[in-house]
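Participant: Pasting a structure below so you can have a look.
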Amino acid sequence: MTWRGEAIDRRDFLKAVGIAFTATLSPGALMALERADAVYASGFRAPDGSFGIATVSERGEIVDRVALPARAHGMAYSAATGRAVAFARRPGTFAMVFDPSGQAEPVIITSPEGRHFYGHGHFSPDGTLLYASENDFDGNRGMIGIYDARDEFRRVGEFDAHGIGTHDMTVSDDGRFLVIANGGIETHPDFGRTKLNLDRMEPSLVLLDAKTGALIQRHGLPSALRQLSTRHLDIADDGRIWFACQWEGPRNALPPLAGWFGHGEDLSFVSLPQETTIRLGNYVGAIAVNRREGLVGLTSPVGGAAVTLDAKTGAVLREEKVRDAAGVAPAALGIAVSSYDGQFNDTHSQVAWDQHIVRIGS
């Protein structure tokens, strides 16, 4: 059985890339692409220590690669323009915009002085703007940088993210709202990736007006959960915003690790079974919603696990062991999962997949 929406992704991708691109592929890569129900992209580290982005079939077969100057983290894709972007891992200062079809040269974006990227961002629905989570490290505040996709991704403004440790962010389907996960953790590039305020974290989830940057909602976490870093986001087809968390407190605690909210709604946490929380190691590294099937996928490299929830109720539908589980994305059936040790669904490759996957297609 094939989810028709995903099959369209593959056909649209093949149509977009054209004969010139497919002619450059090896016979194995071309066969993988032609039989794929969906196409993805993910960052990787090669055995020689170099970094890149790979276009990947749903089975996990590598179709094509693009070199990166350093390690990437999160990614974004614009269905309106067919362009994708890979953001540097914190505290990196580059983002690379690329055309998965290979028809345009990559564009490198550099963060302005006093800023670094936090590894995530998202396109506006029409593809004209790119939003990026950034750290004003001397001011100790999260920012959302705004880049004009019509003008070589020139930086045209910024919004206050109303929090610190701004990590993942996304945009509502109608383009009205920016949704921001402020992890609450203070960092500074002078100290690398060291977390500087674990005893006084300030995690929050925020909605901004996408046009003006005006604050619409800000949800701080209760004091008992101040060490629960709100890190990653995805949106369901009913507008419900799912979020996933990473616990920075005592290891023997069993905090909630996922939940949802919406415009005008308070936070609701999912009551995961105790054994599920333990299996996830108090750490969710990635989250993705399969809108077609009403599923939410969670992965944990700490616990070596992938968990699937019912998007309506939050009930656990499936749990499986996945060593070094990394990225997660909607699949034709269920959830696609990658791992740091080179596994991507059914295929093992000689690469270390990075933390996130993005689906390529409309």
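The values are calculated or read from the model by the stated rules, or taken from the named source; none is laboratory data. Note that the coordinates shown come from a computational prediction; the quantities given were computed from them, not determined experimentally. Cβ placement follows ideal geometry from the backbone for every residue including glycine, while neighbour counts extend to all protein chains displayed. Areas reflect the complete protein model, heavy atoms only, side chains present, ligands, DNA and RNA absent. Shrake-Rupley method; radii C 1.70, N 1.55, O 1.52, S 1.80 Å.
Participant: Calculate, for A224 and F191, the FRET efficiency according to 1/(1 + (r/R0)^6) with r their C-beta to C-beta distance and R0 35 Å; round to the nearest 0.05.
Facilitator: Working: r = 28 Å, r/R0 = 0.79.
Result of the calculation: an efficiency of 0.80.
Participant: Dipole of the chain (Lys/Arg Cβ +1, Asp/Glu Cβ -1, origin at the Cα centre): which of P100, N290, F153 lies farthest to the positive side?
Facilitator: Of the candidates, N290 comes out farthest on the positive side.
Participant: With a 1.4 Å probe and every protein chain kept in, tell me what percent of the accessible surface of the stretch 162-311 is carbon plus sulfur. Spell out each step's value before the answer.
Facilitator: On the way: 2660 of 5910 Å².
Percent of accessible area from carbon and sulfur atoms in the stretch 162-311: 45.
Participant: With contacts defined as alpha carbon pairs under 8 Å and 6 or more residues apart, what's the relative contact order of the chain in percent? Intermediate values should be presented prior to the final figure.
Facilitator: Values: 1020 pairs, mean separation 50.4, N = 362.
It rounds to 14 percent for the chain.
Participant: Note down the magnitude of the dipole of the stretch 274-344 about its Cα centre, charges +1 on Lys and Arg C-beta and -1 on Asp and Glu C-beta and zero elsewhere, to the nearest 20 debye.
Facilitator: 160 debye
Participant: By average Cβ neighbour count within 10 Å, what is the ranking of 177-184, 237-244, 331-338 from highest down? Walk me through the numbers before you get to the answer.
Facilitator: Details: 177-184: 26.9, 237-244: 18.9, 331-338: 23.8.
With the highest mean Cβ count within 10 Å placed first, the list reads 177-184, 331-338, 237-244.
Participant: Additional query: Calculate, in nm to one decimal, what A70 and R292 gain on full extension: separation in residues at 0.36 nm each, minus their alpha carbon distance. Each step should come with its number before you reach the end.
Facilitator: Values: separation 222, 0.36 × 222 = 79.92 nm, distance 3.47 nm.
My answer for the length gained is 76.4 nm.
Participant: Once Lys and Arg get +1 and Asp and Glu get -1 on their Cβ, which of M143, T170, I185 lies farthest toward the positive end of the dipole of the stretch 118-218?
Facilitator: Farthest towards the positive end: I185.
Participant: What does the charge count near W247 come to, summing +1 for each Lys or Arg and -1 for each Asp or Glu among other residues with Cβ under 13 Å from its Cβ? The partial results should precede the final answer.
Facilitator: Numbers: positive: K195, R226, R231, R251; negative: E248.
My count for the surroundings of W247 gives +3.
Participant: Less than 10 Å Cβ to Cβ from G43, Lys/Arg counted +1 and Asp/Glu -1: what total charge do the surrounding residues give?
Facilitator: Details: positive: R45, R71, R89; negative: D354.
Every neighbour counted, the sum reads +2.
Participant: Continuing with this model, one more query. What net charge is computed for the residues neighbouring P203, neighbours being all others with C-beta under 13 Å from the C-beta of P203, Lys and Arg scored +1, Asp and Glu -1? Present the calculation step by step, with values, prior to reporting the outcome.
Facilitator: Working: positive: K195, R200, R218, R226, R231; negative: D168, E186, E202, E248.
Within the 13 Å Cβ shell, the charges total +1.
Participant: Continuing with this model, one more query. Give the calculated FRET efficiency between E105 and R154 to the nearest 0.05, with a Förster radius of 25 Å applied to their Cβ-Cβ distance. Spell out each step's value before the answer.
Facilitator: Working: r = 17 Å, r/R0 = 0.66.
After rounding, the FRET efficiency stands at 0.90.
Participant: If you take the charge dipole of the stretch 230-319 about its Cα centre, with +1 on Lys and Arg Cβ and -1 on Asp and Glu Cβ, which of T308, H232, I278 is farthest toward its positive end?
Facilitator: Highest projection toward the positive end goes to I278.
Participant: In debye, nearest 20, what is the charge dipole magnitude of the stretch 219-362 about its Cα centre with +1 on Lys and Arg Cβ and -1 on Asp and Glu Cβ, if you could check? Don't jump to the answer; show the numbers that get you there.
Facilitator: Numbers: 12 positive and 15 negative charges, 25 e Å.
Magnitude of the dipole: close to 120 debye.
Participant: Sorted from largest down, give the three principal axis spans of the alpha carbons of the stretch 224-362, whole angstrom values.
Facilitator: Each principal axis gives a Cα extent; for the stretch 224-362 these are 43, 37, 22 Å.
Participant: Would you kindly state how much longer the chain becomes between S50 and S268 on full extension, computed as 0.36 nm times their sequence separation minus their alpha carbon distance, in nm to one decimal?
Facilitator: Working: separation 218, 0.36 × 218 = 78.48 nm, distance 4.12 nm.
Extra length from S50 to S268 when fully extended: 74.4 nm.
Participant: Based on alpha-carbon atoms only, what is the radius of gyration of the stretch 28-131 relative to the globular estimate 2.2 N^0.38 Å? It would help to have the intermediate numbers written out before the result.
Facilitator: Values: Rg = 13.9 Å, N = 104, 2.2 N^0.38 = 12.8 Å.
Dividing the Cα Rg of the stretch 28-131 by 2.2 N^0.38 Å gives 1.09.
Participant: Rank R115, R176, R90 by mean-square fluctuation in a GNM of the chain with C-alpha springs under 10 angstrom and give only the top-ranked residue.
Facilitator: Of R115, R176, R90, the most mobile in the Gaussian network model is R176.
Participant: Just to confirm my numbers, what's the Cα centroid distance between the stretch 217-237 and the stretch 129-203 in Å?
Facilitator: Spelled out, the Cα-based centre of one part sits 15 Å from the other.
Participant: Then there's this: By how many nm would the segment from R251 to D238 lengthen if fully extended, with 0.36 nm per residue of separation less the alpha-carbon distance? Display every interim value, and only then the final one.
Facilitator: Details: separation 13, 0.36 × 13 = 4.68 nm, distance 3.48 nm.
Taking R251 through D238 to full extension adds about 1.2 nm, to one decimal.
Participant: Here is a further query. Rounded to the nearest 20 Debye, what is the dipole magnitude of the chain about its Cα centre when Lys and Arg each give +1 and Asp and Glu each give -1 at the C-beta? Can you show the working numbers first?
Facilitator: Values: 35 positive and 44 negative charges, 77 e Å.
Using only the charged Cβ atoms, the result is roughly 360 debye.
Participant: Please compute the per residue accessible area over the stretch 198-274 with all protein chains in place, 1.4 Å probe, rounded to a whole number of Å². Working shown, then result.
Facilitator: Numbers: 3580 Å² over 77 residues.
Computed with neighbouring chains in place, this is 47 Å² per residue.
Participant: Could you pull the Cα extents of the chain along its three principal axes, largest to smallest, in whole Å?
Facilitator: 57, 45, 40
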